[in-house]
Every structure is written in C-alpha cells, then in structure tokens.
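Worksheet for the structure shown next.
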Amino acid sequence: MSAALTDERHARPVAAALVASGAFTVDMRMPREQWFRWKSGIMAPCGCNCRRLNTMPAFRRLVDDALADATRRSFPGADYVVAVAHAGIPWAKTLAERLDLPLAYVRTEARPGGGPLTECGPAAGARAVVVDDVVASGASTALAIGALLAETGLRIAGVQSIANWNFPEMRARLARWPVRAVTSYPQVLASAQETGRISPADAAELTRFYADPRGHSWR
C-alpha cells in the first residue's frame, strides 16, 4: 500500500456527499449506550452506512462516477469485479457495468445446503478487483479474499472501496494487496466540521480515535 490510499480528485466531493446524505453520522454528545457498533466490534459515536446514498440519486450518481473513475485509474488491468456481500454488491454491480467487466460476489456465509461462498463462477486466471462500500478493520475484505483464493483461480488485483478509514489493523491485514478508496476519514471529518456537525475539538478527538480505534480513551 505504498501509493496514496485515496483519490484526491474525488475525495472531498464524495466525503461531502457522505456527510450531506447522512451516510456518515456523528454525534459526540450521544449517550454511550446508543453508540454505533461497527461490524468489527468497535463502538463509536460515529458510523457510516453507504446504503443511505441510494435514497438520493444525485449523490448516488456522484459516488458511482467517482468509484468508476478511481477504479479505472488504480486498477487498469483488472478484468473482473468481485463484490463483498452484502453492502458492496450494488456498488460493484454498477461499477462492473461502467467498466464493462464480469461481476461476481462473495457471500458472508454458505448456503444452508453448503457450497462455495463465491457466486457467479469467476474465470481462472482473471485479475479481480474486490469492491466494498466501507473498509474499517479489513476483516470482511480479508475473509472475502480468502474465499476467492481458496475457491477460484482468480488473482487479486487489489481492493477498492468508497471509503476506507485506514486503520492500522486494516493496513496489516491487507498488506499483501494494493488497497485504494475514493475517500477516507480526513476528508470526511473536514466535511463534517465545515458543515457544523462537529467542532474543532470533536474533530481532534475523532482524529485521535482513528489513530488507535481499539485503544482510544474517549474524553
């Protein structure tokens, strides 16, 4: 992951869309018992649910356009798009359409009768870009990649997402592959502060949290 994580041409507009649409939600005065529990188990007074972008077509189109452009530039040799279920599927489907590439996805669990996690029979030898909406700890992405490597002959070109919080554990977990995102927390926090959703002190606290999300001591 030596190259830049985010796409600077689209990072700020997409961050603004996440904040304006309510996909990124933050409330530093929220009682702790109401905090968001992320898929990684992290508890925080903020969360990101990109599904909310779908209720606002202009924001959805903006993100679709940015994701396609970022992926085209970061992974020009990819010849397969693979979604991480479930949240990555709608974005990956549109991305595959924009890039004119075949689409597959990785289930979160096997069917009741058993079988592989990978759906849609990817071709052996193809270079796949793995797509999710938000990458935090990287655990879901790593599990999907593990299934692809175990079940198919795909090669992993890299990981592309709308947002990636660039957590240390994510960098360690996905260190073997190029990881790219359209936007990340510095741009999202800047947008939240510009729109008055958080104060400069709140932004500083959230920046410290993002540096050590599991060990952070909230004030």
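The values are calculated or read from the model by the stated rules, or taken from the named source; none is laboratory data. Fair warning: this is a prediction, and the values are worked out from it, not measured in the lab. Methodologically, a virtual Cβ is constructed for each residue, glycine included, from the backbone with ideal geometry; neighbour enumeration extends over all protein chains shown. SASA here: full protein model, heavy atoms, side chains in, ligands and nucleic acids out. Shrake-Rupley method; radii C 1.70, N 1.55, O 1.52, S 1.80 Å.
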Check your understanding: ASP69: within 30 Å of GLY153 (Cβ to Cβ) and among the acidic types (Asp, Glu), yes or no?
Key -> yes
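Quick one: which residue in ALA92, ALA83 is part of a strand (DSSP E or B), within 15 Å of VAL131 (Cβ to Cβ) and modelled with pLDDT of 95 or more? Reasoning before the result, please.
Working: ALA92 fails: part of a strand (DSSP E or B).
Of the residues listed, the single one that is part of a strand (DSSP E or B), within 15 Å of VAL131 (Cβ to Cβ) and modelled with pLDDT of 95 or more is ALA83.
Just checking, does the stretch 104-116 include any residue being hydrophobic (A, V, I, L, M, F, W, C) and in a strand (DSSP E or B)?
So in the stretch 104-116, the residues hydrophobic (A, V, I, L, M, F, W, C) come out as 104, 106, 110.
Cutting the leftovers down to in a strand (DSSP E or B) gives us 104, 106.
Within the stretch 104-116, one or more residues are hydrophobic (A, V, I, L, M, F, W, C) and in a strand (DSSP E or B).
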Exercise for review: Could you figure out which of (1) within 23 Å of THR6 (Cα to Cα); (2) in contact (Cβ under 8 Å) with a residue 24 or more places away in the chain; (3) open to solvent by 30 Å² or more (accessible area, probe 1.4 Å); (4) within 22 Å of the chain's Cα centre (by Cα) isn't true of LEU117?
Suggested key: (1)
Check your understanding: Does GLU151 qualify as being surrounded by 14 or more Cβ atoms within 10 Å (Cβ to Cβ), acidic (Asp, Glu) and at negative phi?
Key -> yes
Review point. Out of (1) under 20 Å from THR141 (Cβ atoms); (2) of a type in the set (Val, Ile, Thr); (3) open to solvent by less than 20 Å² (accessible area, probe 1.4 Å), what's the single condition that is false for THR6?
Key: (3)
Practice item. Give me the pairs, please: first residue somewhere in the stretch 191-219 and without any contact (Cβ under 8 Å) to a residue 12 or more places away in the chain, second residue anywhere and assigned to a loop (DSSP other than H, G, I, E, B) and surrounded by 11 or more Cβ atoms within 10 Å (Cβ to Cβ), beta-carbon distance under 7 Å, and either six or more positions apart or on two chains. Key: ARG208/HIS216
Review point. In the stretch 175-189, is there at least one residue being open to solvent by 10 Å² or more (accessible area, probe 1.4 Å), among the small types (Gly, Ala, Ser) and touching a helix residue (DSSP H, G or I) at 6+ places or on another chain (Cβ under 8 Å)?
Key: no
Review point. Which of the residues belonging to the stretch 161-197 are under 20 Å from HIS86 (Cα atoms), of a type in the set (A, V, I, L, M) and not in a helix (DSSP H, G or I)?
Key: ILE162, ALA163, LEU174, VAL179, ALA181, VAL182
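If I filter the stretch 128-148 down to residues being farther than 19 Å from PRO76 by Cα and β-branched (Val, Ile, Thr), which single residue comes out as most open to solvent (accessible area, probe 1.4 Å)?
Let us first name the residues in the stretch 128-148 that are farther than 19 Å from PRO76 by Cα, namely 133-148.
Those left that are additionally β-branched (Val, Ile, Thr): 134-135, 141, 145.
Details: VAL134: 23, VAL135: 2, THR141: 4, ILE145: 1 Å².
Filtering first and then ranking leaves VAL134.
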Check your understanding: If you go through the stretch 6-27, how many residues are touching a strand residue (DSSP E or B) at 6+ places or on another chain (Cβ under 9 Å) and assigned to a loop (DSSP other than H, G, I, E, B)?
Key -> 4
Review point. Is it fair to say ALA3 is on the phi < 0 side of the Ramachandran plot and part of a loop (DSSP other than H, G, I, E, B)?
Key: yes
Review point. With (1) part of a loop (DSSP other than H, G, I, E, B); (2) crowded, with 18+ Cβ neighbours inside 10 Å as the list, and MET30 as the residue in question, which single condition is left unmet?
Key: (2)
Review point. What number of residues in the stretch 54-80 are out of contact with any helix residue (DSSP H, G or I) (no Cβ under 6 Å at 6 or more places or on another chain), loosely packed, with under 15 Cβ neighbours inside 10 Å and under 23 Å from GLY22 (Cβ atoms)?
Key: 4
